[in-house]
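So the structure is just underneath, and the comments pick up after that.
FYI, it's all coordinate maths here, none of it is from the lab. The shown structure was predicted, so the numbers you read here are calculated from the model rather than taken from an experiment. Ideal geometry is used to build each Cβ from the backbone, glycine not excepted, and the neighbour counts take in all protein chains shown.
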């Protein structure tokens, strides 16, 4: 009986951790290659997003602390349940990067406006390109 309980706990732990290690398991409806990044999104990937990611790459490229990562994935969650699950204790942030698996997860955003939002009433929005550039330097 003890081994069954351990197997159940192990399975539950794996189920909880797997989206954090591989966010694409959360079935993002849109994905595509944008420059050197695989982008997964809650909304269609349009030319504005290509421009935003290119701008962020250009800014990060000039940073002395940024290290380019080949095919670094970007997850645009549009807030909601995906953000809550992936952000864990960083829910009030604009975005986060997971260093060990080299992913960037972004809160609710609008590529058409080049904006990202964290829901705060004061200073609750920033440029998406700036936030991506910041995360690319981690």
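Side notes on the structure shown:
- Value of [θ]222 nm, deg cm²/dmol, for the chain, DSSP H segments ≥ 4, -39500 (n - 2.57) each, nearest 500: -12000 deg cm²/dmol
- Note: relative contact order over the chain, using C-alpha pairs below 8 Å and six or more positions apart, is 22 percent.
- Helix 47-61 axis versus longest C-alpha principal axis of the chain: approximately 90°, rounded to the nearest ten.
- Using alpha-carbon coordinates, inclination of helix 2-21 to the longest axis of the chain, degrees: 0 degrees
- Beta bridges per DSSP, both residues in segment 19-136: antiparallel share near 70 percent.
- Peptides 88-98, 104-114 ranked from most to least packed, by the mean per-residue count of other Cβ atoms within 10 Å: 104-114, 88-98.
- All Cα-Cα distances of segment 19-136, cut into 5 Å bins from zero to the largest, leave 2, 12, 24, 27, 21, 11, 2, 0 percent in each bin in turn.
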